[in-house]
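Engineer: The structure that follows is given in the form of structure tokens.
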Amino acid sequence: MVGVEREGWAVMQEVLGLVLASAVSAFIDIGVFVGAVLLLFGYINYRMAGALVESIAKSKKWQPVLGALLGATPGCGVAIFLKPLFVRGSIRFGAVIAALIATTGDSAFVMLATIPHQYVVISAMAVVLAVITGYLVDRTTLGTKLVAAYARRRADRPSRHPAAEEGLHCHAGGGGAGRGLRRQTRQEARGHSLVLAIAHRGYPWYWLLLGAGLVLGILGLFQVDVDALFIPNLGLVLGTAGTVLSIGLMLAGRQYLDYDPHEEAGQNAPSWQEILIRNARETAFVITWVFVGLLAYELVVLVIGGGN
């Protein structure tokens, strides 16, 4: 009996270790780079007063080329940046496919640090293949059908929670993330104050965590043991906290701030605050599902291979 209890405790410890390792990898090894790329393109678009998105939307004939070149930048943030533009009809499906083919994802950072020459060759080959495939895709009706199906699903979607409708207006004029919350009645705010606080006010802390995580992620690319730095287990603490906050931010955003972040991009240039909130939500979404995927893989390996 004692042996069974010890074995069960050992399994629980191993599973907990897998959960923590997956959380750290999702945030520090992948998520911080996604957030950095998203913020970079968001800042460029902000400085250009929305002209970046507008110029991409107008260049219909060159969109596969632009998609491939943008996709070739390190990280997968460009694909996330382009997806809402596709579902809104600003770009064609070929540009999205070209970006996905051209990207080497977050492995680009590793290759840049270790094999930069080979990275350039691989990226050039991927860009050529991406451009050709993008133009071929644009000759089909697949993109049009996908956009139409997305529009039908949005039309059939249930109405938002009243708190979300109020919170939505806080972004429209760049007047501050707390304005929508002030418009709510006390009864509405009382029931959802914690979730709304995470959704509206948690993003500055989230970006601070992402910034610190980015430093650790870059150090990790150069094989630096971040847990052996001046603060013991710094990577473990920061990575776990970042993933937990990502999950909370994603769940809060999905339930109370369910709107298309690019639906008004053609009407008003986004404010800097709106860009920070939008990109924080999108980064949190990516980190959450990367964590789920990594953990699921590790658990399958544990069950099938006994941890070996």
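Engineer: Mind listing whichever residues of region 201-232 are surrounded by 15 or more Cβ atoms within 10 Å (Cβ to Cβ) and not in a helix (DSSP H, G or I)?
Structural biologist: GLY202
Engineer: Could you tell me which of the residues GLN118, GLN63 is touching a residue at least 60 places away in the same chain (Cβ under 8 Å) and of a type in the set (S, T, N, Q)? Before the answer, list the steps.
Structural biologist: Numbers: GLN118 fails: touching a residue at least 60 places away in the same chain (Cβ under 8 Å).
Within the list GLN118, GLN63, the selection yields GLN63.
Engineer: Here is a check on your reading of the model: is LEU38 crowded, with 16+ Cβ neighbours inside 10 Å, farther than 27 Å from ALA99 by Cα and outside the structural domain of SER123 (by TED's automatic domain parsing)?
Structural biologist: For LEU38, the condition - crowded, with 16+ Cβ neighbours inside 10 Å, farther than 27 Å from ALA99 by Cα and outside the structural domain of SER123 (by TED's automatic domain parsing) - is not met.
Engineer: Would you check if there is a residue in region 59-78 being aliphatic (A, V, I, L, M) and assigned to a loop (DSSP other than H, G, I, E, B)? First the steps, then the outcome.
Structural biologist: We begin by selecting, within region 59-78, every residue aliphatic (A, V, I, L, M); these are 65-66, 68-70, 72, 78.
Subset that is assigned to a loop (DSSP other than H, G, I, E, B): 72.
Taking every residue of region 59-78 in turn, at least one turns out to be aliphatic (A, V, I, L, M) and assigned to a loop (DSSP other than H, G, I, E, B).
Engineer: Determine which member of the set PHE86, PHE93, PHE81 is within 13 Å of the chain's Cα centre (by Cα) and surrounded by 20 or more Cβ atoms within 10 Å (Cβ to Cβ).
Structural biologist: Working: PHE86 fails: within 13 Å of the chain's Cα centre (by Cα); PHE93 fails: within 13 Å of the chain's Cα centre (by Cα).
The unique qualifying residue is PHE81.
Here is a yes/no grid of residues against (1) under 25 Å from the mean Cα position of the chain (by Cα); (2) modelled with pLDDT of 85 or more:
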site: ALA113; (1), (2): yes, no
site: VAL121; (1), (2): no, yes
site: ALA126; (1), (2): yes, yes
site: ALA130; (1), (2): yes, yes
site: GLY175; (1), (2): yes, no
site: ARG190; (1), (2): no, no
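Engineer: Also, I was wondering about something else. Taking the residues in region 242-251 that are free of Cβ contacts under 8 Å to residues at least 60 places away in the same chain and touching a Phe, Trp or Tyr at 6+ places or on another chain (Cβ under 9 Å) as candidates, determine which candidate is surrounded by the fewest Cβ atoms within 10 Å (Cβ to Cβ). Steps first, answer last, please.
Structural biologist: Going residue by residue through region 242-251, those that are free of Cβ contacts under 8 Å to residues at least 60 places away in the same chain are 245, 247-251.
If we keep only those that are touching a Phe, Trp or Tyr at 6+ places or on another chain (Cβ under 9 Å) too, we end up with 245, 247, 249-250.
Working: LEU245: 21, ILE247: 19, LEU249: 25, MET250: 22.
So, considering only residues that are free of Cβ contacts under 8 Å to residues at least 60 places away in the same chain and touching a Phe, Trp or Tyr at 6+ places or on another chain (Cβ under 9 Å), the one surrounded by the fewest Cβ atoms within 10 Å (Cβ to Cβ) is ILE247.
Engineer: Going by the structure shown, is ALA108 out of contact with any Gly (no Cβ under 9 Å at 6 or more places or on another chain) and either assigned to a helix (DSSP H, G or I) or surrounded by 11 or more Cβ atoms within 10 Å (Cβ to Cβ) (or both)?
Structural biologist: Answer is no for this residue.
Engineer: Do we have PHE86 as closer than 30 Å to VAL224 by Cβ, part of a helix (DSSP H, G or I) and aromatic (Phe, Trp, Tyr) here?
Structural biologist: no
Engineer: Right, next: Given the criteria at pLDDT 90 or above and surrounded by 15 or more Cβ atoms within 10 Å (Cβ to Cβ), does LEU257 qualify?
Structural biologist: no
Engineer: Continuing with the same structure: Please state which of the following conditions PRO74 fails to meet, knowing it meets all the rest: (1) modelled with pLDDT of 90 or more; (2) surrounded by 20 or more Cβ atoms within 10 Å (Cβ to Cβ).
Structural biologist: That leaves (1) as the condition not met.
The values are calculated or read from the model by the stated rules, or taken from the named source; none is laboratory data. None of the values given here were measured: they were computed from a predicted structure. With ideal geometry, Cβ positions are generated from the backbone for all residues, glycine too; neighbour counts draw on all protein chains shown.
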